[in-house]
Amino acid sequence: MADQVQASAQRAIAAQRAERVVDLRKRPRIGESIIQTTLFACGFISIFTTIGIVFVLFEESLAFFADPAVTLVEFFTNTVWQPRIEQFGILPLVNATLMVAFIAMGVALPLGLGTAIYLSEYASERARAILKPVIELLAGIPTVVYGYFALTFVTPILRGVFGQDVVSVYNVMSAGLVVGVLITPIVATLSEDALSAVPGRLRQASFGLGATRWETAIRIVVPAALSGILAASIVAMSRAIGETMVVALAAGASPNLTWNPFEPAETMTGHIARISGGDLSYGSIDYKSIFAIGLVLFFITLGLNIASRQIVRRFREVYD
Amino acid sequence: MTSATYDTKYAIETRNMHIYYGAFRAVKDVSFGIERNKITALIGPSGCGKSTVLRSFNRMNDLIPGARTEGEVLYHGQNLYAPDVDAVQVRREIGMVFQKPNPFPKSIYDNIAYGPRINGWKGSKAEMDELVERALRGAALWDEVKDDLKKSGLALSGGQQQRLCIARALAVEPEMILMDEPCSALDPISTLKIEELMFELRQNYTIVIVTHNMQQAARASDYTAFFLMDKDDRAGQLIEYDTTSNIFQNPKDKRTEEYISGRFG
Ligand SMILES: Nc1ncnc2c1ncn2[C@@H]1O[C@H](COP(=O)(O)OP(=O)(O)OP(=O)(O)O)[C@@H](O)[C@H]1O
Ligand SMILES: [Mg+2]
């Protein structure tokens, strides 16, 4: 009897369910659309800004190369940059930039990689907790402070060591060394990320074979993290190439094609800063020339960026 | 023949060993000896300290911050935990194979050559080739990889990777090999291959294996040690240690019997 009652109740519920009107039509969701549009706009603004910058660079550079005083070939082959006498060869600027960048990498690679290896392979939890914020702090110091540090601290030391008549007051070496210190935190933190991402079981395997910490770090962990370390180096390198304040203060203000790092020279960024800082008449050839330099800088860093992406993609080890 | 001292009778012997992780005692008062050229299985429920005991044999616990070992672990008459003993040296004598295959992201050849190289190996290229071949043959992997030694170790199957790891351990010519659940990530065929391999290796090496697989312990070991966690302080204890046939056919302790018959754990 009770069973029957229950069964008929269940049938009733089932019938009700079947008859229920189900509305699956799309509903307008105003809030959702607004949010989507806003987020899209945010993304678009950064893209638009980049496009805008590149556009301006191209436009002004075209105007620069349209001037009868310069040709594209001359721009890349002439070894003199003297806007005053209409000599526009970018080589001295590129040369100074690369010299600063290589000296900086000479400092930052060993220092940054050493720091990264210490942090990820040797440091105790406590040492890491103290050191990491300090390194990040180093990255937060305004670059103008680094510039003064180069000029008033490093240069006198260089002059004291190598001689007043060997080392100029403004020189590439001092700027390069300090830019190296400035980009060390980039190498250190990015490399540390790469080293820490290496699975612990590889270290275990190495220790299990009787390897020391150093052997494990150098022969197993660093090679396994190589793609990340290379990418870190490239990011640091483009930062060194783009660095302006230190070189503007410490490297000098004379576009000078030299291999001697103790002589003054001017980098691309340093030159742009100096020229834009001076009173430039809008539309003059000087004014247009800095856009051409900017475009070259843009292509160099773009190239480095693409290279770093390729490296990460190609050499990344895949551990299931 | 049987009148030798403890030091020579056992490949390794623990005396009143306690192992701590920080303030927590994970293993208490373990005293037993591992027979030479035999396969010894460590069994017991999860968390009873099998891996901890195994790692104490080649001081891998040193790598865990806060881990500490008390008592003695004797190897060739020396306490491995004496202050003047170098853990790196210990691991060159006593090799290890891990639960999850962990080949280096290097070629098969370089995976094997790594151990000898860091151990200051000074031979010709031809001698290294020979050593690599010997290790791979020893791990029953040679025939499968001999044409492609340049291939990455990561490109092998799981079972092959594990045999590569065994070959890698063999290449440093240890006296003992410790294996922590070496087959738990492998299919049954690869597992059988590793077990056959263990029987061959037994002629030249002393093997200690941790396993959760009762059939594996029963068929692939000579001695079995059963560990269990003390209910009161959660420290792992050695409950019974005997030949594998005794442990499985007539265990003396009721808890051993309950465990192997699957009644708890
Ligand atoms: N690195 C560690 N730090 C702190 N405690 C640990 C650590 N490793 C293990 N322990 C503890 O020590 C005890 C024994 O662990 P162990 O790994 O030796 O057990 P096990 O018998 O190997 O277990 P399983 O069968 O699950 O592998 C457990 O209580 C565990 O929580
Ligand atoms: Mg374990």
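Quick look at the values:
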| quantity | calculated |
| --- | --- |
| Residue that is crowded, with 18+ Cβ neighbours inside 10 Å and within 14 Å of chain B (Cβ to nearest Cβ), where the choices are A:Ala205, A:Ala292, A:Ala232 | A:Ala205 |
| Residue list for region A:254-269, filter: buried (at least 18 other Cβ atoms within 10 Å of the Cβ) and under 12 Å from A:Pro92 (Cα atoms) | A:Pro255, A:Asn256, A:Pro264, A:Ala265, A:Glu266, A:Thr267, A:Met268 |
| Any hit, region A:149-166, residues being aliphatic (A, V, I, L, M) and within 14 Å of chain B (Cβ to nearest Cβ) | no |
| Pick from region A:182-202, criterion more than 13 Å from chain B (Cβ to nearest Cβ) and more than 13 Å from A:Leu226 (Cα to Cα), ranking: surrounded by the fewest Cβ atoms within 10 Å (Cβ to Cβ) | A:Thr189 |
| Failed item, numbered, when A:Ala211 is tested on (1) out of contact with any strand residue (DSSP E or B) (no Cβ under 8 Å at 6 or more places or on another chain); (2) in contact (Cβ under 8 Å) with a residue 40 or more places away in the chain; (3) part of a loop (DSSP other than H, G, I, E, B); (4) of a type outside the set (S, T, N, Q) | (2) |
| Qualifying residue in region B:99-121 (condition: away from chain A (no Cβ under 14 Å) and out of contact with any Pro (no Cβ under 9 Å at 6 or more places or on another chain)) | yes |
| Whichever residue in region A:300-320 is of a type outside the set (D, E, K, R) and either modelled with pLDDT under 85 or under 22 Å from A:Val80 (Cβ atoms) (or both) and, among such residues, is surrounded by the fewest Cβ atoms within 10 Å (Cβ to Cβ) | A:Val318 |
| Qualifying residues in region B:62-90 (those that are within 11 Å of chain A (Cβ to nearest Cβ) and in contact (Cβ under 8 Å) with a residue 24 or more places away in the chain) - the one farthest from the chain's Cα centre (by Cα) | B:Gly66 |
| Filtered residues of region A:127-161 (kept if surrounded by 13 or more Cβ atoms within 10 Å (Cβ to Cβ), of a type in the set (Val, Ile, Thr) and under 17 Å from A:Asp193 (Cα atoms)) | A:Ile135 |
| Elements of type strands (runs of 3 or more DSSP E) in region B:39-119, at least 1 residues being within 16 Å of ligand 1 (Cβ to nearest atom), aromatic (Phe, Trp, Tyr) and buried (at least 20 other Cβ atoms within 10 Å of the Cβ) | none |
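The values are calculated or read from the model by the stated rules, or taken from the named source; none is laboratory data. What you see is a predicted model; the values in this text were computed from it and never measured. Here Cβ is always computed from backbone atoms with ideal geometry, including for glycine, and neighbour counts include all displayed protein chains.
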